[in-house]
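This report refers to the structure that appears directly beneath it.
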Amino acid sequence: MDIKIREFNGIVIIDIGGDIRQYEIKGVSLYQHVRDQLYDGKRNFIINFDKVNFIDSLGVGDLLSSYVSTNNLEGKIKLLKVSPKIYLIFQVTLMDRLFEFFEDEETAIKSFG
């Protein structure tokens, strides 16, 4: 898993490349990246799943931890370009109720108002 972080108008955009599997995580996890941004005062996030084909239970837990920490600080996480296969995992775990999902980055950015 490769994670790249960029920022646009105060919104942190996290681009994930590769599968989100326990054995694929080299170094810093998704949650650690989000937590570091929260410590820096950032509150709004878009996580781009465009290049993700699989997420395991560790990845789901990482995303849920990121949501809880962000929500506790009155921030928002929105998900971008989630494949139907991964969306099904979010439905089964009821996490589809926690996040807003977007197909294009511009709309996701505008949704922060």
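Helix-only mean residue ellipticity at 222 nm, the chain, DSSP H runs n ≥ 4 weighted -39,500 (n - 2.57), per residue, nearest 500. What is it?
Helix-only estimate at 222 nm: -10500 deg cm²/dmol.
When T107, T70, T93 are ordered from fewest to most other Cβ atoms inside 10 Å of their Cβ, what list results? Numbers along the way, then the final one.
Numbers: T107 11, T70 20, T93 15.
Lowest to highest Cβ neighbour count: T107, T93, T70.
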> In a GNM of the chain with a 10 Å cut-off on Cα contacts, which of G59, G41, G17 has the highest mean-square fluctuation?
Replying inline: G41
> Among [x] 6.3; [y] 12.3; [z] 13.2, which is the computed mean projected area of the Cα convex hull in nm²?
Replying inline: [x]
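Pop the C-beta distance of L88 and D2 into the FRET formula with R0 = 25 Å and round what comes out to the nearest 0.05. Mind dumping the intermediate values first?
Numbers: r = 24 Å, r/R0 = 0.95.
So, using R0 = 25 Å, E works out to roughly 0.60.
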> Based on Cβ point charges of +1 for Lys and Arg and -1 for Asp and Glu, what charge dipole magnitude is obtained for the chain about its Cα centre, in debye rounded to the nearest 20?
Replying inline: 140 debye
>> Suppose R0 equals 25 Å. What FRET efficiency, 1/(1 + (r/R0)^6) with r the Cβ-Cβ distance, do E100 and V28 give to the nearest 0.05?
In response: 0.50
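Which of the peptides 4-10, 73-79 is most tightly packed, and how do the rest follow, going by the mean number of other Cβ atoms within 10 Å of each residue?
Working: 4-10: 10.9, 73-79: 16.3.
Output ranking for 4-10, 73-79: 73-79, 4-10.
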> What is the packing order of peptides 42-49, 30-37, taking the mean over residues of other C-beta atoms within 10 Å and listing the highest first?
Replying inline: 42-49, 30-37
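Taken together, the values in this text are just the output of simple stated rules run on the coordinates, not laboratory data. In this text, all values refer to a predicted model and were calculated from it rather than measured experimentally. As a convention, Cβ positions derive from the backbone with ideal geometry for all residues, glycine included, and neighbour counts pool all protein chains shown.
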